[in-house]
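A quick write-up on the structure given underneath.
The values are calculated or read from the model by the stated rules, or taken from the named source; none is laboratory data. Fair warning: this is a prediction, and the values are worked out from it, not measured in the lab. Because the Cβ atoms are built from the backbone with ideal geometry, glycine has one as well, and the counts that use them run over all protein chains shown.
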Amino acid sequence: MTLIAFAAHADRAEIITDTLTYTHTATRMGHTSKLLPLPHLDAAIVAQGSTGFERRWHMQALYLAQHAADFDEFAREAPAHLAHVWSELGIDLDAENIAHGRSATVTPSVVFLVGYSPQRQRFVAYGFASDHGFAPTKLDGLYAMPSPLDRRPGDLELHRLRGHLPAVLGDQADRAVAALGRLPIQPAPRRPEEWVDLAKAVRRDRAMADLYSGLKTYVGGDVMLTALRRGESTTRRIHTFNDSGSDFARMMAGSLHPMSQASACECDSGRRFVDCCLAAIADEPCPCQSGKVFAACCSINADMSATAVA
Ligand SMILES: [Zn+2]
Ligand SMILES: [Zn+2]
């Protein structure tokens, strides 16, 4: 997942994203622009979930944007195109996974469209989630995903937490989700500094959460703020997270990120994580689903000449 937050007002819309990308095992990280602007439609697209899906959808979105008369038509046509891209990706991935003898599914993904609706004469926002068949959901007010823990998460995130928290919290999951659902709804940030505060709260509550809390989402890199008005779209970098040193180490603790593998094990043995508790999976299939065992794959002890990173 990635940090996305936005609010659509009558005369403008604002969107923030972070720029950090990572493989699902957090072994490798990178940065990207997560927003695709469509200035001729006074609109922008952001996506969350599978980067492979996002890339393909953006190609399709540019095609759709050429043919749509306005943002309303674009939003109306989007679900069919999203479903098409999703099924094509699934078919291609299946073939690839079968060829490599592994099983993997596409990470559930959400696409958000924010733009000016000539029909409603205001900026509007929609969400389309793969786990809801890309049915459109109109999103009013501030929408932040992942949400910090001092405000009510959106319905889609609550739905997802309801799905995966029981595996982590057991009987406590229902109560935890209900408590999150009772949190206050916060007004949308107005000034850039208020968007930065929101981004920092998400990093604090969700990126620094314990790996096994069920709330963990890596958030990092830069915070980019895009402001849409009719006939004008601007994107600015408004904050840069400290992705080095102890701050970053805390976010990655317990993950397969090389920095985390090399750091002191949390069991206080004095040994490196990779030579201590992580060694328990040395001979097991690597979590990155390469088909190799961990010791010969994503372990920092592995012979890197044999597993050259593309
Ligand atoms: Zn240990
Ligand atoms: Zn691996």
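Test residue 168 against the stated conditions and say whether it is out of contact with any Asp or Glu (no Cβ under 8 Å at 6 or more places or on another chain), part of a loop (DSSP other than H, G, I, E, B) and touching a residue at least 12 places away in the same chain (Cβ under 8 Å). Give the derivation first.
Details: out of contact with any Asp or Glu (no Cβ under 8 Å at 6 or more places or on another chain): yes; part of a loop (DSSP other than H, G, I, E, B): no; touching a residue at least 12 places away in the same chain (Cβ under 8 Å): yes.
Spelling it out, it is not the case that residue 168 is out of contact with any Asp or Glu (no Cβ under 8 Å at 6 or more places or on another chain), part of a loop (DSSP other than H, G, I, E, B) and touching a residue at least 12 places away in the same chain (Cβ under 8 Å).
Tell me the residue from 257, 239 that is under 30 Å from residue 37 (Cβ atoms) and either within 13 Å of ligand 2 (Cβ to nearest atom) or buried (at least 16 other Cβ atoms within 10 Å of the Cβ) (or both), please. Show your work before the answer.
Details: 257 fails: under 30 Å from residue 37 (Cβ atoms).
The unique qualifying residue is 239.
Only one of 262, 249, 253 is touching a strand residue (DSSP E or B) at 6+ places or on another chain (Cβ under 8 Å) and touching a residue at least 12 places away in the same chain (Cβ under 8 Å). Can you tell me which?
On the way: 249 fails: touching a strand residue (DSSP E or B) at 6+ places or on another chain (Cβ under 8 Å); 253 fails: touching a strand residue (DSSP E or B) at 6+ places or on another chain (Cβ under 8 Å).
Result of the check over 262, 249, 253: 262.
The set of residues from the stretch 138-163 being at pLDDT 90 or above, small (Gly, Ala, Ser) and under 14 Å from residue 114 (Cβ atoms) comprises just one member, 144. Among the residues of the stretch 278-294, those that are outside any loop (DSSP other than H, G, I, E, B) and either assigned by TED's automatic domain parsing to the domain that holds residue 93 or within 28 Å of the chain's Cα centre (by Cα) (or both) comprise 278, 281, 285, 293, 294. Considering the stretch 117-137, and only residues there that are touching a Ser or Thr at 6+ places or on another chain (Cβ under 8 Å) and among the aliphatic types (A, V, I, L, M), the residue that is modelled with the lowest pLDDT turns out to be 129.
Which fully enclosed strands (runs of 3 or more DSSP E) of the stretch 8-84 have 2 or more residues being surrounded by fewer than 15 Cβ atoms within 10 Å (Cβ to Cβ) and more than 14 Å from the chain's Cα centre (by Cα)? Quick ask: steps written out before the conclusion?
Working: elements: 13-17, 20-22, 29-31, 35-38, 43-48.
It comes to none.
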